[in-house]
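Take a look at the structure set out below.
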Amino acid sequence: MQRNKTEEEQRLAKQLADKLPTARWGPYLSERQWGTVREDYSKEGDAWGYITHDKARSKAYRWGEDGIAGISDSQCQLCFAPAFWNGQDRILKERLFGLSNSEGNHGEDVKELYYYLDNTPTHSYMRYLYKYPQTAFPYEQLLDENKRRSLLEPEFEILDTGVFDEGNYFDIEITYAKIDEEDICILIEAINRGQKPAPLAVLPTLWFRKQWSPDLIKGKPEIILQNHGEHKINVCATHPFLGKYYIYFDHSNELLFTENETNQELIFGKPNESPLVKDAFHSAVVNNNFTSLRERKSGTKFAPLYSSEIKPGTSARFHLRISRKENLSDPLGQDYEAAFIKSKNETDDFYKNILPQNILPENALIARQAYAGMLWNKQFYYYDVREWLKGDEGQPSPPGERLAGRNSNWKHLNNRDVISVPDKWEFPWYASWDLAFHMITFAHIDPEFAKQQQILLNREWYTHPSGQIPAYEWNFSDVNPPVQAWAAIQVYKIDKKKCGVGDVDFLKRIFQKLTINFTWWANQKDIEHNYVFEGGFLGLDNIGVINRGNIKNGYLLEQADGTAWMGMFATYMLQMAIEIGQYDDTFQDVALKYFEQYSLIAESLNTSDLWSDKEGFFFDILKSPGGEKISLNVRSVVGLTSMFAGLYIPSSVLNKLHQVKHGINWYDQFCVEKDLYRAVIAKNDGDDRDLLISLVTIEKLKKLLYALLDEEEFLSPFGIRSVSKKHSKMYEVEIEEQMFSLRYDPGEGSTNMFGGNSNWRGPIWFPVNYLIIQSLKMYFNYYGNDFKVEFPSRSGIYLNLGEVGDKISKRLQNLFSTDKYSDRPFFGSYSNFYKRSENKNLVLFHEYFHGETGMGLGASHQTGWTGLIATLIQDEQEIAAGNTTREEIKQ
């Protein structure tokens, strides 16, 4: 019997029926627009230097906007975000502070405390927590100390400054609850966690993204004061495209209007035509001088100013409402209050149907915040490369160097969409291989968005005409692992399980697009046409002993992982073709084509010196201009990627596809007769047999698993390390009388080969861990209990590969779970702060984790791929409850 849909599921269904890719309003505002390529108009291409954090309050952006806990319409035309002032800071706290790539000893890094607490796919209910010190924000201390520290020292974080030590801070919670799609109730509550009364100014700010002068829209938008009576106060925001919105709010100390215009005097040394510039609120509030603003009744940027002194342990609440509805008689009354209760209950109902019924409360907490982070990291992304190259009318022309510089060969790219980004401060732009992992988690809560995002990245205004998928805005031409086909089939399967029927049309669309991308890889990254691929750095940054993205002229780097990633690409294209072929017989031909591609890659991987019998591992090979082959014997996840390219095909599926079955059988027999590498392993004899397509034989798999599960190599208490612990002793190789070296770095990197935040030489990363777990379970589906390995290696304890996958998953989950000391390992040295009663349920999702301690490192809000923890928790709980069997996972 089918259950009734929750209110949130009904909203999602209506959104799909209305052909909307996402809600009309949501958390689409970036948390950092400054320091991005889009806003960089410098001669040197120095995006971090062109608009710094200090300039951001004064320079009107061109391509987007930013704020703290902000929301906007889906085109980021009308924006809302709160700003704060503690009476001590030299500037308003209007946006999050962090260090640029050159300022941090380990690269760019946000230096704030904020948490994504809750969210729904339609953004009907959203909660965000920001922690604001009551003393002066330590801008200079953070900058100076991080500049002083070397690569061998840890980053200096805001919790190291002492400003939170005595609890002298505000917990500011921002909650949004929708009455309908365009009627949004906003509650800002500030709690004094200190021991003394403390002042706080709150400015809930509404503004228009600048699209006038240059005339990107016809007509200038305006925010106008409408009512200022005893019982009702509101402004009207009017936009040529959006129409009218009405903003209702409590009576305030001041009503501030200005224009979202650059402060020319501060930025360019030119006189301002008017004092009404973007940063006017800063100078007015900090200097307590409202003379130039007090008489204003309109502008393109507006905020009511609330000044309070909050007693210890108490809070101040600020109420607002953004609505299409005019002349509401009691806008902040009964229906306003009821909206928060109703939206919270509907959110709980939605997640009760997402998460397993028997889920442990702590696991539910972790998963809910992981999902919240995924949803908060949806961002409006706008970048028209052709317009960016030539500049805007009425504005200074970009330097001529730009026309042949960064992204200049991507003139077709014109992106203006809400898209999932890795982290809205550290990485406020999409990254193609990150996004593939995001969609696995999204598929559990909003499968239509997951499918739409995967199609979007392959559309004509994203993918290059040559077939290359854009990497990220710093260099769209960089090459990332081609995991899109794998992600597409995972999303398809998750959606099929939820709905009971597979979206074959989605598979067909993404299959056609990815065929073009596969062809690009085959044509561009196989220089010697021998099915051994040279992808470059492949998103793994400095994992190699040499810079894999910048090989000397005349040298050729044959990559074990580049070849394995392409084998994986062919594997999942084959799987898609097999799935579609069960509904559309014409796909059997193309299934065989991808089986052929896979087989050729498998043969090359296993016969081209990438495999070392002595080491029992795959390594990259550097070929000199004279033909000399140098094996780069680094034991890293590069050598483990061959495990990812496997496919289990049950006989029940194969028997439906006679042409595919005949072709595979013929090829298998041909390999036997010619003594060639066999990419097919049959589980049982006879015509009716299950098949395993694998890059590696069982003998090689055993050797890889021995290293993988060795606690002195890859197996950490908290997952799989990216580089073997064996390299604690320096690995060195000499090339042309120059010595190159690599050492196991369990935490932040000690080399800046790919910039200060390149950290692939030891830490635990969720994407490769997730792929390893999925691969182990795939092998288990084929081998079952017939194949067991020691876990850990040399322990004498033998487990099947499904159980091994579960054990690794549990180690990853232990990063977030409280231990016997009430610590969560990822907090590391900051665990005491998170033992405070108000902090004990706060969870962060870091970019990567220390290979020995599990401490979270890098970007603190990269919920993108670390959000996969929600999927791991969900799978474990479903199996434990008996709601999902291994047989169902197999299918």
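The values are calculated or read from the model by the stated rules, or taken from the named source; none is laboratory data. This one's a predicted model, so the numbers in the text were calculated from it and none came from an experiment. All Cβ positions, glycine included, derive from the backbone under ideal geometry; neighbour counts span all protein chains shown. For the accessible areas, the whole protein counts, side chains as well, though only heavy atoms, and no ligand, DNA or RNA atoms are used. Shrake-Rupley method; radii C 1.70, N 1.55, O 1.52, S 1.80 Å.
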| note | Packing-ranked peptide list from 47-58, 492-503, 369-380, highest mean Cβ count within 10 angstrom first, is 369-380, 47-58, 492-503
| note | What helix-only [θ] at 222 nm does the chain give? Using -39500 (n - 2.57) per DSSP H run of at least 4, over all residues, to the nearest 500, the answer is -9500 deg cm²/dmol
| For region 638-680 and region 47-117, what is the separation of their Cα centres, given in Å? | 52 Å
| query | So, by mean Cβ neighbours within 10 angstrom, what's the order for 342-352, 21-31 with the highest one leading? | reply | 21-31, 342-352
| Per-peptide average of other Cβ atoms within 10 Å, ordering 603-609, 331-337, 564-570 highest first | 564-570, 603-609, 331-337
| task | May I ask you to give the solvent-accessible area per residue for the chain, in square angstrom, as obtained with a 1.4 angstrom probe? | result | 37 Å²
| said: Computing the accessible area with a 1.4 Å probe over protein heavy atoms, can you report the carbon and sulfur percentage for the chain? | reply: 47 percent
| message | Output the 0 to 90 degree angle, nearest 10, between the alpha-carbon long axis of helix 658-674 and the longest principal axis computed from the alpha carbons of the chain. | response | 50 degrees
| query | To the nearest 10 degrees, how steep is helix 766-783 against the longest Cα principal axis of the chain, on a 0 to 90 scale? | reply | 40 degrees
| Over the chain, relative contact order from alpha-carbon pairs under 8 Å, at least 6 apart, % | 11 percent
| query | When only Cα pairs under 8 Å and 6 or more residues apart are kept, what is the percent relative contact order across region 395-484? | reply | 31 percent
| message | Quick check: the distance between the Cα centres of region 813-830 and region 333-362, to the nearest angstrom? | response | 27 Å
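With a 1.4 Å probe and all protein chains kept in place, how do T519, T122 rank by accessible area, largest first?
From most accessible down to least: T519, T122.
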| task | Answer rounded, prolate or oblate for region 300-433, using the Cα gyration tensor with square roots of eigenvalues a ≥ b ≥ c: rounded when a/c is under 1.5, else prolate when a/b is larger than b/c, else oblate. | result | oblate
| message | Could you tell me how far the Cα centroid of region 303-318 sits from the Cα centroid of region 586-612, in Å? | response | 65 Å
| query | Relative to the first principal axis of the alpha-carbon coordinates of the chain, what is the inclination of helix 801-813, with its axis defined by its Cα atoms, in degrees from 0 to 90 and to the nearest 10? | reply | 20 degrees
| Given 0.36 nm per residue, what is the gain on full extension from R90 to K702 after removing their alpha carbon distance, in nm? | 214.2 nm
| field | For region 484-596: lysine pairs under 20 Å (alpha-carbon distance), excluding those fewer than 8 apart on one chain | value | 10
| task | Any chance you could look up the accessible area of S860 with a 1.4 Å probe, heavy atoms only, rounded to 10 Å²? | result | 20 Å²
| query | Which FRET efficiency, nearest 0.05, do K218 and N409 yield, Cβ-Cβ r, R0 45 Å? | reply | 0.90
